[in-house]
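Got a structure here, written out as structure tokens. Questions coming.
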Amino acid sequence: MADAMGLLIDYEYCTGCQSCEVTCKEEHNYPVGKWGIRVLEEGPWEIEDGTGVFDFNYIPVPTDLCDLCAGRTAQGREPMCVHHCLANVITYGPLGELAQKMNEKGKQVLWRPQYKPLAAKGPFVPTKKSNAEGAAVKVEVEANESWSTAAHRRSDDDHFEMGLVE
């Protein structure tokens, strides 16, 4: 069996240009609101207060619609996101080789997309032994004489005008 294939993404240098998103949508003709790969934005947030040093990352993440461009890769070509990455931070290859390359530096993620996840997952099998049989959990409730809740409302709220609250 051939080694499973995946994507190694060096997010330290991703510029967030979204060229991988655009080319994937065009290649697969995905409608508005669906992506094969999505660039997530993390940050900015100050690493240590008062230092002026911020963490800010763009991280391309394959979605469950990513099939690693099966038609292209079957012809020996790389996926569209890899081919069109302007920062050259997405690498396609066997997971074993990519894992070795990932050990060379930090700020990288290794993805093995799962195309058609509902078919691939199979039935849910619980692994938690304490309640695997579906036994009910006993909950004791103590009654008291009064129950109240609080809500913070503005004085110009309609509820005040209608006399529903004081």
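The values are calculated or read from the model by the stated rules, or taken from the named source; none is laboratory data. Remember, predicted model here, so these are calculated numbers, not experimental data. Positions of Cβ are generated from backbone atoms using ideal geometry, with glycine treated the same way; all protein chains shown enter the neighbour counts. What goes into the accessible areas is simple: the full protein's heavy atoms, side chains included, and nothing from ligands, DNA or RNA. Shrake-Rupley method; radii C 1.70, N 1.55, O 1.52, S 1.80 Å.
Quick check: from the Cα gyration tensor, does the range 8-109 come out rounded (a/c under 1.5), prolate or oblate?
Note, shape of the range 8-109 comes out oblate.
What accessible area, in Å² to the nearest ten, does a 1.4 Å probe give for residue 105?
Ignoring ligands and nucleic acids, residue 105 comes out at about 70 Å².
What is the calculated FRET efficiency for residue 125 to residue 63, with r their C-beta to C-beta distance and R₀ = 30 Å, to the nearest 0.05? Working shown, then result.
Working: r = 25 Å, r/R0 = 0.82.
Plugging the Cβ-Cβ distance into 1/(1 + (r/R0)^6) gives 0.75.
Per 0.36 nm of contour for each residue apart, how much would the distance between residue 34 and residue 56 grow if the chain were fully extended, relative to their Cα-Cα spacing?
5.4 nm
Which GluC sites (Glu not before Pro) from the range 39-105 combine a DSSP loop assignment with at most 16 other Cβ atoms within 10 Å?
Numbers: sites: 41, 42, 46, 48, 97, 104; in loops: 48, 104.
Those satisfying the criteria are 48, 104.
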